[in-house]
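Attaching a single structure in structure tokens format; questions to follow.
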Amino acid sequence: MAKRIEKGFHSSFRTFGGGSFDPQNWERYFLKYSSQEWEEEGDGVIGYHGAANLLYSVVIIHVPQDGFVIQNECHNRTTNRNVWCKFGVESINQLSEFVNIGDEFLYPKGCLLQPANAWKVVKDFLQYPTADTRPICMVDDGEIDWPEF
């Protein structure tokens, strides 16, 4: 029997947010950024189970000394396919230059967000989880010329 998914928020973070999805409980992790605090907590996902079996998520990848990579996506759990997947952009001119952010993961240098810009995306997601636009420039993953492996 398939597991029933309830509507609402969930998070993979252990301590950040304190179990709450009120933006006030998340703000300090970005606006009073501490690399050490993020290294202790690790990367994570905040998700929202919406209507029509859609899962919306914001993936937050901490890149020490460089900020964050923020991926926002909508996944159809019925078809097991992404409806859309977008990355936050700090510099549109650096989307074709890739950097290793650790563990051999390559991301466009232009997608390394400063904490204040990462917060804009996370805050907006917490307020409007089903929106497909965010308050900073976002690029569809299909528009990125990803390197081949």
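Just so you know, all these numbers are worked out from the coordinates, no wet-lab data involved. Because the structure is a prediction, the values reported are computed rather than measured. Quick reminder, even Gly has a Cβ in these numbers, built from the backbone with ideal geometry, and neighbours come from all protein chains shown.
Whose amide H sits under 5 Å from the amide H of Val83, counting only residues 5 or more places off or on another chain, with H placed in the peptide plane?
Cys74, His75, Asn76
Taking every pair of distinct Cα atoms and averaging 1/r, then inverting, what Kirkwood hydrodynamic radius in Å comes out for the chain?
One decimal place: 15.9 Å for the Kirkwood radius.
To continue, here is another question. Quick one: length gained pulling Arg77 to Asp132 fully straight, 0.36 nm per residue minus the C-alpha distance?
Here the segment from Arg77 to Asp132 would lengthen by 18.1 nm.
I would also like to ask the following. Convert each backbone phi in the stretch 19-25 into a coupling constant with the Karplus relation 6.51 cos²θ - 1.76 cosθ + 1.60 (shift: θ = phi - 60°), then list the ³J(HN,Hα) values in order as whole Hz, x for Gly and Pro.
Values, residue by residue: x, 10, 10, 6, x, 4, 7 Hz.
Would you please give the FRET efficiency between Asp145 and Glu37, computed as 1/(1 + (r/R0)^6) with r the Cβ-Cβ distance and R0 = 35 Å, to the nearest 0.05?
0.55
List the relative contact order of the chain as a percent without decimals, with contacts defined as Cα pairs under 8 Å and 6+ residues apart.
Details: 267 pairs, mean separation 29.9, N = 149.
Relative contact order of the chain: 20 percent.
Still on this structure: Hey, can you rank 85-97, 54-66, 109-121, 10-22 by average C-beta count inside 10 Å, highest first?
Values: 85-97: 16.8, 54-66: 18.5, 109-121: 20.7, 10-22: 13.9.
Those peptides, ordered most packed to least, come out 109-121, 54-66, 85-97, 10-22.
I'd like the FRET efficiency for Asn100 and Arg14, computed as 1/(1 + (r/R0)^6) with the beta carbon distance as r and R0 of 35 Å, rounded to 0.05.
Using R0 = 35 Å, I get an efficiency of 0.85.
Here's something else I'd like to know. Can you compute the helix-only [θ] at 222 nm over the chain? Use -39500 (n - 2.57) per DSSP H run of at least 4 residues, normalise by all residues, nearest 500 deg cm²/dmol.
Helices in the chain give a 222 nm mean residue ellipticity of -4500 deg cm²/dmol.
Further question on the same structure: Once each part is reduced to its C-alpha centroid, what is the distance from the stretch 14-83 to the stretch 97-149 in angstrom?
12
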